[in-house]
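Inspection log for the structure reproduced underneath, given as C-alpha cells.
Readers should treat all values here as calculations from the given coordinates under stated rules, not as data from a laboratory. Since we're looking at a predicted model, the values are computed, not measured. Methodologically, a virtual Cβ is constructed for each residue, glycine included, from the backbone with ideal geometry; neighbour enumeration extends over all protein chains shown.
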Amino acid sequence: MTVFHLARAKDEDLLEIVGIVFKAFGQDQMALDFCIGRDTPEGHQNLANIWLKFMQRNPGDHWVKVVEDTSGRIVGATNFRIHPTVVPDHSLEVNKEFSWLQADPQKLEMATKFADHAIKDMKRLQTQPYIVGSMMVQWGCKLADQLVLPMWVTSKFQTQPFYLRSGFADVEVNGQFHKMKRIATAK
C-alpha cells in the first residue's frame with residue numbers, strides 16, 4: 001500500500017511542483033495563457049521563479065506538498081495563503097508578468113484583465129491523478145478550523161463539486177469560475 005505524507009515545500013521543490021501543474025492543467029489553453037505560461041523548460045523555470053518571489057515577499061504564502069514515501073516523489077501540492085491577523089494586499093499575490101504573452105497583445109490584455117478580476121484571491125490546488133487533493137483540502141480545513149479562519153477558493157466549474165463536499169459554498173459565479181467560501185467550524 002502506498003503511503004503519503006504532508007510536508008512544507010521548500011524553494012527547491014517548486015520546479016517539481018510546476019511539472020505537476022503542467023501535467024494537471026497543460027491541456028487547458030486558458031490556464032496556459034492566463035495562469036501558468038508556456039509548457040517549455042524555460043516556461044517551467046519562469047513559473048517556479050514567480051512562485052519563489054511570492055514566497056519570499058509574502059510571509060503568509062506557504063506551499064504544502066504530498067510526498068509518496070517510497071519514492072520520495074512529490075505527487076501533489078497546494079499553495080495556501082494564511083493571513084490570520086490581517087487582510088493582505090492581494091495585488092502582491094497576483095502574477096501580472098505574463099512574459100510568455102508579450103508577442104500577443106490581445107491575449108496579454110485579456111490575461112491582465114483576468115488577473116485583475118479573477119486571480120486575486122485564488123488558491124491553487126494542483127495534483128497529479130492521485131487522491132491527494134482531498135487530503136490537502138482536509139488538512140487546510142482542519143488548520144482553518146483551529147485558527148477560526150474562513151477559507152476562500154476560486155474553483156473552475158469542474159472542481160466545484162469537490163469543494164462543495166468539503167464544506168465550501170458558492171459566493172459568486174463568473175463564467176467557468178466559482179468563488180467559494182468555507183466558514184470555520186468550532187470544535
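Quick one: if you stick a label point 7 Å off each Cα along the C-beta vector at Ser71 and Ala7, how many nm between them?
1.6
What are the ³J(HN,Hα) values, in whole Hz, obtained from phi via the Karplus relation 6.51 cos²θ - 1.76 cosθ + 1.60 with θ = phi - 60°, for each residue of the range 49-62 in sequence order, with x given for Gly and Pro?
After applying 6.51 cos²θ - 1.76 cosθ + 1.60, I find 5, 4, 5, 4, 4, 4, 4, 6, 9, 10, x, x, 8, 9 Hz.
Determine ³J(HN,Hα), in whole Hz, for all residues of the range 2-19 in sequence, where each value follows from phi through the Karplus function 6.51 cos²θ - 1.76 cosθ + 1.60 and θ = phi - 60°; x replaces Gly and Pro.
6, 10, 10, 9, 8, 8, 6, 6, 9, 3, 6, 7, 4, 5, 5, 5, 4, x
With each label point set 7 Å from Cα along the Cα-Cβ vector, what nm distance links Val173 and Met30?
Placing both labels 7 Å beyond Cα along the Cβ direction yields 1.3 nm.
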